[in-house]
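Just below is one structure, and these are the notes that go with it.
The values are calculated or read from the model by the stated rules, or taken from the named source; none is laboratory data. Worth saying up front: this structure is predicted, and the values here are computed from it rather than measured. Every residue, glycine among them, receives a Cβ derived from its backbone with ideal geometry; neighbour counts consider all protein chains shown.
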Amino acid sequence: MATLNFTSSRENTSSSLAITVTKSNIGHLIIGRQFTATVHSSQIEGWQSVSESAIKMVQSSLYISDSLFIGNKVSQSSSSLEAIDRSHVSIKHCTFKRNVGYSGAIYLYDSSYISIMDSLFEENMHPGHESSGTITIMLNSAASILRSNFSNNQAYEGAAIRVTHDSNIVVKDSVFTGNQACRGGAIAMAFDCIAQVEHSVFNANSAVNFHSKTAHNPYNISLAQSSVNYHTFPRLSKFNFAMSEKQIVSLHFINKTTTTSPHKLLLPTENDEECGAGAIGAVSSTHLNISDSVFLNNTSVGSAGAIVISSSILNITNSSFHDNTANGQAGAILVWQNSEAKIRRCIFLSNKALQVGALLVLDNSSLYIENSTFQRNSAKLYGGAISIVHTCPVIVTNCFFVENYAIQFGAISAQTNVSVALANCTFVGNTVGEYFAALGIMIGSTIHAEKCIFKNSRSRQCTVAMHEFSKGFIMGTKFINNTASDAGMIVA
């Protein structure tokens, strides 16, 4: 297999040069400025180099169809294709398999564009520090990916796709299965990027720890120094409604106890060694938009079984999160560090974590949820469905919280200057092993609940709790058939 070198010395000419490669075994293809190359029904296999990709192109166009890229290895660049400096690439009906490259199988850089359709990316890898497994999109570049499959790829960051530095990506009708990375099991994004994900499935992707020592990880919250005691809670004054059903037209209460709350969540540290974001990680002023997609069986050894956003914006509509798991916090989604999240018409079902079964929002972030369902999510410690921590405004409207479970705070917990507004929400059958089956409002936080229903909750102590300088405003709300062995419906 020889090297094919197509370059032009005519730097200022406006005419283009064209070459077509069909039904060939290509060893190395170099495409210079102003060339247009077409590769059809060809194979690039077994290329090895320190820094040269199998196909390298600069300010040129490349059309690839019905071709195979198998077993190429490049230690310091992408293994199969490198496109830089305003290059354009179109890939259709191709397979990229078992390629090893520091920047993945495909590397797009410097205002370049790639379109990928109906292609397979399987078992590509490079677990080196800050490497990406399959596709890297950098520096004002853009990608469109349609009807493609990414399975069992591995990398340190973004095993399927890594997007950084003012780049954009659109993913539609694609499937991500079994991809593994330390940060962002399937997709990792950072630094002013925009992503649109539609009609796609993320199944059994995972954030794993490839290294015992890593640099600062912006996706994880450490539990190593936590001294929280989850088995003791101070005796509180209480409002105890003995009736099986009580309509609360208007209730305003302020709690001014000074007992220190045991329910504290540690913020990220600069030396976290665990990993996070089983499916997608988006940090540093990234915009992530997701619609009509499924996140199923994704896992994280650290935080966020499915998605992490940090200092970014997240919009999710018409999507579902089923059976995602985190060994740390946030079985499905973690929103933190001045982020904004809006969730509409979504389902969170049977997600699990050590703390916070489905959704964790913290550190000056904001959350808006409407017309969504949280059902059978669970946490081994606290926060069965949602937890909000540290100066976060939250609005929840027309949502259902059904049969969520934790040791404490079965459905929602809010602590440390958090504002929570609930409207037309229904809480049914949420349970805890110890305290606060539905709501726990802690440490200077405020709850506004209007036209809500709390039904069939079970706990040792109360359905709704207020603690330590918290405030509550409850209007037009019903409490039906809730049970507690030590106190009634509301404790303050």
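Of the residues making up segment 155-173, those that are among the polar types (S, T, N, Q) and surrounded by fewer than 24 Cβ atoms within 10 Å (Cβ to Cβ) are T164, N168. When each of I313, I307, I347 is tested for being modelled with pLDDT of 95 or more and crowded, with 24+ Cβ neighbours inside 10 Å, the lone residue that passes is I307. Please determine whether any residue of segment 450-473 is acidic (D, E), at pLDDT 90 or above and not assigned by TED's automatic domain parsing to the domain that holds I307. Within segment 450-473 (the criterion being acidic (D, E), at pLDDT 90 or above and not assigned by TED's automatic domain parsing to the domain that holds I307), the answer is yes, since at least one residue qualifies. Listed here are the strands (runs of 3 or more DSSP E) enclosed by segment 104-182 that have at least 1 residues being β-branched (V, I, T): 106-109, 113-117, 135-138, 142-146, 161-164, 168-172, 175-177. Checking each residue in segment 410-427 for being surrounded by fewer than 19 Cβ atoms within 10 Å (Cβ to Cβ) and not polar (S, T, N, Q) picks out A421, A423.
Against the conditions (1) at pLDDT below 95; (2) not assigned by TED's automatic domain parsing to the domain that holds A385, Q247 satisfies every one except (2).
All conditions in (1) surrounded by 24 or more Cβ atoms within 10 Å (Cβ to Cβ); (2) among the aromatic types (F, W, Y); (3) farther than 22 Å from Y368 by Cα hold for F469, with the sole exception of (1).
Of the residues I161, I114, I137, the single one that is under 21 Å from N203 (Cβ atoms) and not acidic (D, E) is I161. Restricting the search to strands (runs of 3 or more DSSP E) fully inside segment 284-347 and requiring at least 1 residues that are in contact with a Leu (Cβ under 8 Å, 6 or more places away or on another chain) gives 287-291, 307-310, 313-317, 320-322, 325-329, 333-336, 340-344. The set of residues from segment 89-138 being buried (at least 18 other Cβ atoms within 10 Å of the Cβ) and of a type in the set (S, T, N, Q) comprises N99, S103, S112, S119, N124, S131, S132, T134, T136.
Here is a yes/no grid of residues against (1) hydrophobic (A, V, I, L, M, F, W, C); (2) under 21 Å from S350 (Cα atoms); (3) in a strand (DSSP E or B):
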{"site": "G433", "(1), (2), (3)": "no, yes, yes"}
{"site": "I441", "(1), (2), (3)": "yes, no, yes"}
{"site": "G444", "(1), (2), (3)": "no, no, no"}
{"site": "M475", "(1), (2), (3)": "yes, no, yes"}
{"site": "K478", "(1), (2), (3)": "no, no, yes"}
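For segment 368-377, a tally of residues being under 19 Å from the mean Cα position of the chain (by Cα) and either touching a residue at least 60 places away in the same chain (Cβ under 8 Å) or closer than 24 Å to T325 by Cβ (or both) returns 5. Looking across segment 395-430, the residues that are within 19 Å of T477 (Cα to Cα) and β-branched (V, I, T) come down to I395, V396, T397, V402, I412, V420, T426, V428. Note on segment 370-395: residues that are surrounded by 24 or more Cβ atoms within 10 Å (Cβ to Cβ) and among the aliphatic types (A, V, I, L, M) amount to 5. One residue stands out among those in segment 60-79 that are in a loop (DSSP other than H, G, I, E, B) and modelled with pLDDT of 90 or more: the one that is surrounded by the fewest Cβ atoms within 10 Å (Cβ to Cβ), which is D66. Scanning segment 24-59 for residues that are within 21 Å of A155 (Cβ to Cβ), aliphatic (A, V, I, L, M) and assigned to a strand (DSSP E or B) turns up I44, I55. Within the option set S419, S413, S366, being closer than 19 Å to N351 by Cβ and among the small types (G, A, S) holds for one residue only, S413. Taken over segment 320-340, the criterion of being at negative phi and crowded, with 24+ Cβ neighbours inside 10 Å is satisfied by F321, N324, A326, G328, Q329, G331, A332, I333, L334, V335, W336, S339.
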